[in-house]
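Undergrad: Can you read through this structure? Questions will come right after.
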Amino acid sequence: MYELNSKNSKNIYLLFLIMALVAFFTVIAYTLILDNKKYEYSSNIVAKTIVKKVSEESSIEDILEDITESTVGISKVRDIGTTVFLEHSVENLNLGSGIIISEKGYILTNAHVAGDVYSICYITLKNGVTDNGTVIWSNNDLDLAIVKTNIKNLPVIELGDSDKIRLGTKVYAIGNPLGYELQRTVTSGIISGIDRTIKVEDGDKKTYFEGLLQTDATINEGNSGGALINEYGEVLGITTLKIEESEGIGFAIPINIIKPIIKKLNETGKFEEPYIGIYGYDKEAVAYLSQNIELEKGIYIEEIDTNGPLKNSNIIKGDILEEIDGKKVETMNDLKKYIYEKNIGDEVTLKIKRNKKNFEVKIKLEKLQ
(Lines give C-alpha, C1' and ligand atoms only; values in the text may rest on other atoms or scores of the structure.)
Protein backbone atom coordinates (compact mmCIF):
# COMPACT_ATOMS: atom_id res chain seq x y z
CA MET A 1 0.00 0.00 0.00
CA TYR A 2 1.25 3.49 -0.90
CA GLU A 3 1.40 5.85 2.09
CA LEU A 4 1.25 9.66 1.70
CA ASN A 5 3.90 11.15 3.97
CA SER A 6 4.39 14.88 4.76
CA LYS A 7 7.13 15.31 2.16
CA ASN A 8 4.90 13.89 -0.57
CA SER A 9 2.06 16.14 0.60
CA LYS A 10 4.18 19.26 0.21
CA ASN A 11 5.18 18.18 -3.30
CA ILE A 12 1.56 17.60 -4.30
CA TYR A 13 0.47 20.98 -2.87
CA LEU A 14 3.30 22.66 -4.81
CA LEU A 15 2.20 20.86 -7.97
CA PHE A 16 -1.42 22.02 -7.51
CA LEU A 17 -0.20 25.62 -6.99
CA ILE A 18 1.82 25.53 -10.23
CA MET A 19 -1.15 24.09 -12.13
CA ALA A 20 -3.43 26.82 -10.79
CA LEU A 21 -1.00 29.55 -11.82
CA VAL A 22 -0.70 28.06 -15.33
CA ALA A 23 -4.49 27.96 -15.66
CA PHE A 24 -4.77 31.59 -14.47
CA PHE A 25 -2.25 32.93 -16.98
CA THR A 26 -3.80 30.83 -19.76
CA VAL A 27 -7.15 32.54 -19.17
CA ILE A 28 -5.47 35.97 -19.23
CA ALA A 29 -3.67 35.19 -22.48
CA TYR A 30 -6.89 33.89 -24.09
CA THR A 31 -8.71 37.07 -23.06
CA LEU A 32 -6.02 39.19 -24.70
CA ILE A 33 -6.33 37.15 -27.88
CA LEU A 34 -10.07 37.75 -27.95
CA ASP A 35 -9.49 41.47 -27.52
CA ASN A 36 -7.35 41.36 -30.64
CA LYS A 37 -10.07 39.59 -32.61
CA LYS A 38 -10.33 42.50 -35.00
CA TYR A 39 -7.13 41.42 -36.71
CA GLU A 40 -7.70 37.67 -36.65
CA TYR A 41 -10.09 35.92 -39.04
CA SER A 42 -12.09 33.26 -37.18
CA SER A 43 -13.27 30.37 -39.33
CA ASN A 44 -13.27 26.59 -39.41
CA ILE A 45 -11.65 26.85 -42.83
CA VAL A 46 -7.88 26.59 -42.86
CA ALA A 47 -5.99 29.62 -44.17
CA LYS A 48 -4.21 29.57 -47.52
CA THR A 49 -6.10 28.24 -50.54
CA ILE A 50 -9.52 27.08 -49.36
CA VAL A 51 -10.88 26.05 -52.74
CA LYS A 52 -9.66 22.91 -54.44
CA LYS A 53 -10.76 21.23 -57.64
CA VAL A 54 -14.00 19.28 -57.49
CA SER A 55 -13.55 15.70 -56.37
CA GLU A 56 -16.02 12.88 -55.98
CA GLU A 57 -16.71 14.00 -52.42
CA SER A 58 -17.30 17.70 -53.17
CA SER A 59 -20.03 19.60 -55.00
CA ILE A 60 -20.52 23.05 -56.44
CA GLU A 61 -22.65 23.86 -53.39
CA ASP A 62 -19.72 23.05 -51.10
CA ILE A 63 -17.35 25.08 -53.24
CA LEU A 64 -19.62 28.12 -53.37
CA GLU A 65 -20.04 28.01 -49.60
CA ASP A 66 -16.25 28.03 -49.19
CA ILE A 67 -15.73 30.81 -51.72
CA THR A 68 -18.08 33.15 -49.87
CA GLU A 69 -15.50 33.04 -47.05
CA SER A 70 -13.02 34.67 -49.44
CA THR A 71 -15.47 37.31 -50.70
CA VAL A 72 -15.42 40.67 -48.92
CA GLY A 73 -17.53 43.80 -48.97
CA ILE A 74 -15.76 47.07 -49.84
CA SER A 75 -17.07 50.59 -49.29
CA LYS A 76 -15.55 54.07 -49.42
CA VAL A 77 -17.73 55.49 -46.63
CA ARG A 78 -18.26 53.84 -43.26
CA ASP A 79 -21.72 53.17 -41.78
CA ILE A 80 -24.09 55.70 -43.34
CA GLY A 81 -27.17 53.67 -44.09
CA THR A 82 -26.29 50.23 -45.36
CA THR A 83 -29.79 49.07 -46.23
CA VAL A 84 -31.20 48.79 -49.74
CA PHE A 85 -34.40 50.33 -48.41
CA LEU A 86 -32.70 53.67 -47.74
CA GLU A 87 -32.81 55.96 -50.75
CA HIS A 88 -29.43 56.39 -52.47
CA SER A 89 -27.68 54.27 -49.80
CA VAL A 90 -25.71 52.31 -52.40
CA GLU A 91 -24.51 55.46 -54.15
CA ASN A 92 -23.50 57.06 -50.85
CA LEU A 93 -21.57 54.02 -49.68
CA ASN A 94 -20.04 53.19 -53.05
CA LEU A 95 -20.55 49.52 -52.21
CA GLY A 96 -18.54 46.89 -54.03
CA SER A 97 -16.93 43.50 -53.64
CA GLY A 98 -13.47 42.02 -53.52
CA ILE A 99 -11.71 38.67 -53.23
CA ILE A 100 -8.91 37.60 -50.88
CA ILE A 101 -5.90 36.62 -53.00
CA SER A 102 -3.28 36.20 -50.26
CA GLU A 103 -3.22 35.19 -46.61
CA LYS A 104 -0.94 38.21 -46.17
CA GLY A 105 -3.96 40.50 -46.50
CA TYR A 106 -4.09 41.38 -50.21
CA ILE A 107 -7.57 41.87 -51.68
CA LEU A 108 -8.33 42.23 -55.40
CA THR A 109 -11.16 44.47 -56.59
CA ASN A 110 -12.03 47.13 -59.18
CA ALA A 111 -10.27 50.49 -59.33
CA HIS A 112 -13.64 52.23 -59.49
CA VAL A 113 -14.58 50.52 -56.21
CA ALA A 114 -11.39 50.98 -54.17
CA GLY A 115 -10.10 54.27 -55.59
CA ASP A 116 -6.60 55.52 -56.35
CA VAL A 117 -3.30 54.44 -54.78
CA TYR A 118 -2.92 55.29 -51.05
CA SER A 119 -6.65 55.99 -50.64
CA ILE A 120 -8.57 54.28 -47.81
CA CYS A 121 -11.58 51.99 -48.08
CA TYR A 122 -13.39 49.76 -45.59
CA ILE A 123 -13.28 45.96 -45.68
CA THR A 124 -16.00 43.69 -44.23
CA LEU A 125 -15.46 39.92 -43.97
CA LYS A 126 -18.17 37.28 -43.87
CA ASN A 127 -17.78 36.80 -40.11
CA GLY A 128 -18.40 40.52 -39.50
CA VAL A 129 -14.79 41.50 -38.86
CA THR A 130 -14.01 44.93 -40.36
CA ASP A 131 -10.83 46.86 -41.01
CA ASN A 132 -9.47 49.82 -42.94
CA GLY A 133 -7.89 48.89 -46.24
CA THR A 134 -5.17 50.83 -48.08
CA VAL A 135 -5.02 50.79 -51.87
CA ILE A 136 -1.45 49.77 -52.77
CA TRP A 137 -1.93 49.46 -56.53
CA SER A 138 -4.61 50.77 -58.88
CA ASN A 139 -4.97 50.95 -62.66
CA ASN A 140 -7.97 52.78 -64.13
CA ASP A 141 -7.32 51.51 -67.66
CA LEU A 142 -7.70 47.94 -66.43
CA ASP A 143 -10.21 48.87 -63.70
CA LEU A 144 -8.28 46.75 -61.19
CA ALA A 145 -6.89 47.56 -57.75
CA ILE A 146 -5.24 45.73 -54.87
CA VAL A 147 -6.07 46.64 -51.27
CA LYS A 148 -4.00 45.72 -48.19
CA THR A 149 -5.66 44.90 -44.88
CA ASN A 150 -4.07 44.11 -41.49
CA ILE A 151 -6.45 41.21 -40.78
CA LYS A 152 -4.51 37.96 -40.41
CA ASN A 153 -5.11 34.30 -41.25
CA LEU A 154 -7.32 35.03 -44.25
CA PRO A 155 -8.92 32.28 -46.38
CA VAL A 156 -7.56 32.56 -49.92
CA ILE A 157 -9.42 31.88 -53.15
CA GLU A 158 -7.86 29.84 -55.97
CA LEU A 159 -7.06 31.51 -59.29
CA GLY A 160 -7.82 29.76 -62.57
CA ASP A 161 -6.39 30.14 -66.08
CA SER A 162 -8.40 32.66 -68.09
CA ASP A 163 -6.41 31.86 -71.25
CA LYS A 164 -8.13 28.46 -71.42
CA ILE A 165 -11.71 29.75 -71.25
CA ARG A 166 -14.09 28.54 -73.96
CA LEU A 167 -17.51 29.74 -75.05
CA GLY A 168 -20.27 28.09 -73.04
CA THR A 169 -18.14 27.53 -69.92
CA LYS A 170 -20.39 27.39 -66.86
CA VAL A 171 -19.66 30.28 -64.49
CA TYR A 172 -20.89 31.78 -61.22
CA ALA A 173 -20.72 35.42 -60.17
CA ILE A 174 -20.37 36.21 -56.44
CA GLY A 175 -20.72 39.67 -54.95
CA ASN A 176 -22.69 42.13 -52.85
CA PRO A 177 -25.51 43.47 -55.07
CA LEU A 178 -27.47 46.52 -53.85
CA GLY A 179 -26.47 46.37 -50.20
CA TYR A 180 -25.15 44.35 -47.28
CA GLU A 181 -28.49 42.56 -46.73
CA LEU A 182 -27.83 40.76 -50.03
CA GLN A 183 -24.12 40.26 -49.56
CA ARG A 184 -22.40 37.27 -51.17
CA THR A 185 -25.21 36.67 -53.63
CA VAL A 186 -24.48 33.94 -56.20
CA THR A 187 -25.78 34.02 -59.78
CA SER A 188 -24.99 31.59 -62.58
CA GLY A 189 -24.62 31.64 -66.33
CA ILE A 190 -22.12 30.87 -69.08
CA ILE A 191 -19.26 32.58 -70.87
CA SER A 192 -21.12 34.28 -73.72
CA GLY A 193 -18.14 35.94 -75.38
CA ILE A 194 -14.35 36.13 -75.20
CA ASP A 195 -11.93 38.99 -75.88
CA ARG A 196 -14.63 41.67 -76.01
CA THR A 197 -13.82 45.38 -76.41
CA ILE A 198 -16.25 47.82 -74.80
CA LYS A 199 -16.28 51.60 -75.19
CA VAL A 200 -17.25 53.53 -72.06
CA GLU A 201 -18.03 57.23 -72.35
CA ASP A 202 -17.91 59.60 -69.39
CA GLY A 203 -18.59 63.10 -70.67
CA ASP A 204 -15.91 63.88 -73.23
CA LYS A 205 -13.69 61.04 -72.05
CA LYS A 206 -13.76 57.73 -73.91
CA THR A 207 -12.22 54.58 -72.45
CA TYR A 208 -11.82 51.27 -74.25
CA PHE A 209 -11.78 48.14 -72.09
CA GLU A 210 -10.18 45.33 -74.06
CA GLY A 211 -9.98 41.57 -73.70
CA LEU A 212 -13.08 41.26 -71.49
CA LEU A 213 -15.05 38.11 -70.77
CA GLN A 214 -18.78 38.38 -71.50
CA THR A 215 -21.28 36.50 -69.34
CA ASP A 216 -25.02 36.23 -68.90
CA ALA A 217 -24.66 35.64 -65.14
CA THR A 218 -26.60 38.46 -63.49
CA ILE A 219 -24.38 41.35 -62.36
CA ASN A 220 -25.86 44.20 -60.29
CA GLU A 221 -24.68 47.26 -58.36
CA GLY A 222 -22.25 46.06 -55.73
CA ASN A 223 -21.10 43.03 -57.74
CA SER A 224 -18.19 45.10 -59.07
CA GLY A 225 -14.89 43.62 -57.95
CA GLY A 226 -16.37 40.22 -57.17
CA ALA A 227 -15.29 36.87 -58.57
CA LEU A 228 -16.46 35.11 -61.70
CA ILE A 229 -15.63 31.45 -61.09
CA ASN A 230 -15.92 28.17 -62.96
CA GLU A 231 -17.47 24.94 -61.67
CA TYR A 232 -14.14 23.99 -60.05
CA GLY A 233 -14.14 27.06 -57.85
CA GLU A 234 -11.33 28.78 -59.76
CA VAL A 235 -11.50 32.53 -60.39
CA LEU A 236 -11.62 33.26 -64.12
CA GLY A 237 -12.27 36.98 -63.89
CA ILE A 238 -13.23 40.04 -61.85
CA THR A 239 -16.66 41.46 -62.65
CA THR A 240 -16.47 45.07 -63.81
CA LEU A 241 -19.52 46.35 -65.71
CA LYS A 242 -22.80 45.48 -67.41
CA ILE A 243 -24.86 46.84 -70.30
CA GLU A 244 -27.65 48.82 -68.66
CA GLU A 245 -29.93 48.69 -71.71
CA SER A 246 -29.85 44.90 -71.95
CA GLU A 247 -30.38 42.00 -69.59
CA GLY A 248 -27.82 39.24 -69.36
CA ILE A 249 -24.83 41.12 -70.75
CA GLY A 250 -22.10 41.61 -68.18
CA PHE A 251 -18.32 41.67 -68.35
CA ALA A 252 -15.33 40.53 -66.32
CA ILE A 253 -11.59 41.22 -66.51
CA PRO A 254 -9.57 38.03 -67.17
CA ILE A 255 -7.67 36.98 -64.06
CA ASN A 256 -4.38 36.15 -65.81
CA ILE A 257 -3.43 39.79 -66.34
CA ILE A 258 -3.11 40.39 -62.60
CA LYS A 259 -1.19 37.20 -61.72
CA PRO A 260 2.33 38.69 -62.17
CA ILE A 261 1.50 41.46 -59.71
CA ILE A 262 0.08 39.03 -57.14
CA LYS A 263 3.20 36.85 -57.48
CA LYS A 264 5.55 39.78 -56.84
CA LEU A 265 3.53 41.01 -53.86
CA ASN A 266 3.59 37.57 -52.24
CA GLU A 267 7.31 37.14 -52.87
CA THR A 268 8.62 40.62 -52.05
CA GLY A 269 5.76 42.47 -50.33
CA LYS A 270 5.78 45.23 -52.95
CA PHE A 271 5.14 45.92 -56.63
CA GLU A 272 6.82 48.69 -58.57
CA GLU A 273 5.10 48.95 -61.93
CA PRO A 274 7.42 48.81 -64.97
CA TYR A 275 6.39 51.27 -67.66
CA ILE A 276 6.74 51.16 -71.45
CA GLY A 277 4.88 54.33 -72.46
CA ILE A 278 2.69 52.95 -75.28
CA TYR A 279 -1.00 53.68 -75.66
CA GLY A 280 -2.66 51.53 -78.29
CA TYR A 281 -5.59 49.42 -79.38
CA ASP A 282 -6.18 45.91 -80.67
CA LYS A 283 -8.08 45.15 -83.87
CA GLU A 284 -11.41 45.05 -82.03
CA ALA A 285 -10.96 48.53 -80.53
CA VAL A 286 -9.55 50.01 -83.74
CA ALA A 287 -12.95 49.56 -85.36
CA TYR A 288 -14.28 52.24 -82.99
CA LEU A 289 -11.55 54.67 -84.02
CA SER A 290 -11.59 54.57 -87.80
CA GLN A 291 -12.67 52.35 -90.65
CA ASN A 292 -9.54 53.39 -92.53
CA ILE A 293 -7.08 51.71 -90.16
CA GLU A 294 -5.96 48.30 -91.37
CA LEU A 295 -4.87 45.99 -88.57
CA GLU A 296 -4.64 42.25 -89.08
CA LYS A 297 -2.56 41.51 -85.99
CA GLY A 298 -0.69 43.26 -83.20
CA ILE A 299 -1.41 46.57 -81.46
CA TYR A 300 -2.11 49.84 -83.24
CA ILE A 301 -0.02 52.53 -81.52
CA GLU A 302 -2.23 55.56 -80.92
CA GLU A 303 0.13 57.57 -78.71
CA ILE A 304 3.68 57.57 -77.28
CA ASP A 305 4.58 59.05 -73.91
CA THR A 306 7.25 61.58 -74.90
CA ASN A 307 8.59 61.54 -71.34
CA GLY A 308 8.67 57.74 -71.11
CA PRO A 309 11.08 54.99 -72.22
CA LEU A 310 10.31 55.56 -75.91
CA LYS A 311 11.14 59.28 -75.90
CA ASN A 312 14.32 58.78 -77.96
CA SER A 313 13.01 56.03 -80.22
CA ASN A 314 11.73 56.46 -83.75
CA ILE A 315 8.35 54.85 -83.01
CA ILE A 316 5.45 57.06 -84.08
CA LYS A 317 1.66 57.08 -84.02
CA GLY A 318 0.25 54.59 -86.51
CA ASP A 319 3.03 52.03 -86.09
CA ILE A 320 2.01 48.45 -85.29
CA LEU A 321 3.58 46.60 -82.35
CA GLU A 322 3.65 42.92 -83.33
CA GLU A 323 6.04 41.32 -80.82
CA ILE A 324 7.92 41.96 -77.61
CA ASP A 325 11.03 39.84 -76.97
CA GLY A 326 9.84 37.49 -79.71
CA LYS A 327 6.44 37.02 -78.07
CA LYS A 328 3.40 37.94 -80.18
CA VAL A 329 1.03 40.52 -78.70
CA GLU A 330 -2.53 40.86 -79.94
CA THR A 331 -4.03 43.08 -77.24
CA MET A 332 -2.94 45.73 -74.76
CA ASN A 333 -3.69 43.18 -72.04
CA ASP A 334 -1.09 40.86 -73.58
CA LEU A 335 1.44 43.67 -73.50
CA LYS A 336 0.63 44.76 -69.94
CA LYS A 337 0.77 41.21 -68.57
CA TYR A 338 4.22 40.70 -70.10
CA ILE A 339 5.50 44.04 -68.81
CA TYR A 340 4.19 43.26 -65.30
CA GLU A 341 6.36 40.13 -65.32
CA LYS A 342 9.48 42.25 -65.91
CA ASN A 343 11.35 44.61 -63.59
CA ILE A 344 12.24 48.28 -63.80
CA GLY A 345 15.48 48.61 -65.78
CA ASP A 346 14.96 45.42 -67.81
CA GLU A 347 15.64 45.73 -71.54
CA VAL A 348 12.97 44.59 -74.00
CA THR A 349 12.97 44.32 -77.79
CA LEU A 350 9.96 45.56 -79.73
CA LYS A 351 9.14 44.37 -83.24
CA ILE A 352 7.45 47.26 -85.05
CA LYS A 353 5.70 47.28 -88.42
CA ARG A 354 5.38 50.43 -90.56
CA ASN A 355 4.27 50.54 -94.19
CA LYS A 356 4.55 46.75 -94.46
CA LYS A 357 8.19 46.82 -93.29
CA ASN A 358 9.48 45.62 -89.91
CA PHE A 359 12.19 46.99 -87.63
CA GLU A 360 13.26 46.43 -84.03
CA VAL A 361 13.62 48.85 -81.15
CA LYS A 362 15.38 48.09 -77.85
CA ILE A 363 14.40 50.05 -74.74
CA LYS A 364 14.74 49.87 -70.94
CA LEU A 365 11.60 49.80 -68.85
CA GLU A 366 11.18 52.69 -66.43
CA LYS A 367 9.22 53.16 -63.23
CA LEU A 368 5.67 54.40 -63.69
CA GLN A 369 5.49 57.92 -62.30
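Undergrad: Short version: ³J(HN,Hα) in whole Hz for each residue of the stretch 305-312, in order, from phi by Karplus 6.51 cos²θ - 1.76 cosθ + 1.60 (θ = phi - 60°), x for Gly and Pro, what are they?
TA: These are the phi-based 3J(HN,Hα) values: 6, 6, 9, x, x, 9, 4, 9 Hz.
Undergrad: Taking the Cα atoms of the stretch 139-249 alone, what are Rg (to one decimal) and Dmax (as a whole number) in Å?
TA: Rg, Dmax (Cα atoms, Å): 14.5, 45.
Undergrad: Which entries of 263/364; 170/357; 170/362 have Cα-Cα distances beyond 32 Å here?
TA: Correct reply: 170/357; 170/362.
Undergrad: Could you do me a favour and compute the accessible area per residue for the stretch 212-327, 1.4 Å probe, result in Å²?
TA: With the other protein chains kept in place, the stretch 212-327 gives 45 Å² per residue.
Undergrad: Calculate one ³J(HN,Hα) per residue across the stretch 342-350 by plugging θ = phi - 60° into the Karplus curve 6.51 cos²θ - 1.76 cosθ + 1.60, and present them in order as whole Hz with x for glycine and proline.
TA: Couplings: 8, 10, 4, x, 5, 9, 10, 10, 9 Hz.
Undergrad: Counting only C-alpha contacts under 8 Å and six or more residues apart, can you give the relative contact order of the stretch 309-365 as a whole percent?
TA: Rounded, it is 39 percent for the stretch 309-365.
Undergrad: Now, a different point. Given q = 0.14, 0.18 Å⁻¹, what are the Debye log10 I(q)/I(0) values for the stretch 211-285, with equal point scatterers placed on the Cα positions and solvent ignored?
TA: -0.61, -0.90
Undergrad: Which of the three applies to the stretch 237-369, rounded, prolate or oblate, going by the alpha-carbon gyration tensor with a ≥ b ≥ c and a/c under 1.5 meaning rounded?
TA: oblate
Undergrad: Related question: Going from the alpha-carbon gyration tensor of the stretch 303-344, what semi-axes, largest first and in whole Å, does one get by taking the root of 5 times each eigenvalue?
TA: In descending order the semi-axes read 18, 14, 9 Å.
Undergrad: Let me ask something else. Say each of residue 305 and residue 247 gets a label point 7 Å from the Cα, pointing the same way as Cα to Cβ; how far apart are those two points in nm?
TA: 4.4 nm
Undergrad: While we're on this one: Could I have the simple spin-label model distance between residue 163 and residue 202, label points 7 Å from Cα toward Cβ, reported in nm to one decimal?
TA: Computed distance between label sites residue 163 and residue 202 equals 3.1 nm.
Undergrad: At q = 0.17, 0.19, 0.25 Å⁻¹, what base-10 log of I(q)/I(0) does the Debye formula yield for the stretch 102-198 when every alpha carbon is treated as an equal point scatterer in vacuo?
TA: Debye curve over Cα of the stretch 102-198, log10 I(q)/I(0) at q = 0.17, 0.19, 0.25 Å⁻¹: -0.98, -1.16, -1.36.
Undergrad: How long is the gain from residue 141 to residue 359 if the chain were fully straight, where each residue apart is worth 0.36 nm and the alpha carbon distance is subtracted?
TA: Working it through step by step, the gained length comes to 75.7 nm.
Undergrad: Could you check the simple spin-label distance between residue 134 and residue 268, using points 7 Å along Cα→Cβ, in nm with one decimal?
TA: If labels sit at residue 134 and residue 268, their model points lie 1.8 nm apart.
Undergrad: Please find the FRET efficiency linking residue 194 to residue 313, where r is the Cβ-Cβ separation and R0 is fixed at 30 Å, and quote it to the nearest 0.05.
TA: That gives a FRET efficiency of 0.35.
Undergrad: What are the GluC sites (Glu not before Pro) within the stretch 179-248 that DSSP puts in a loop, where the Cβ has at most 13 other Cβ atoms within 10 Å?
TA: 244, 245, 247
Undergrad: Something else: Quote to one decimal, in nm, the extra length available between residue 150 and residue 170 on full extension: 0.36 nm per residue of separation minus the C-alpha distance between them.
TA: Gain in length upon complete extension: 3.8 nm.
The values are calculated or read from the model by the stated rules, or taken from the named source; none is laboratory data. Owing to the predicted nature of the structure, the values given are computational and were not obtained by experimental measurement. Using ideal geometry, Cβ is built from the backbone for each residue, glycine included, and neighbour counts are taken over all protein chains shown. Heads up: the accessible areas ignore ligands, DNA and RNA and are worked out on the full protein's heavy atoms, side chains in. Shrake-Rupley method; radii C 1.70, N 1.55, O 1.52, S 1.80 Å.
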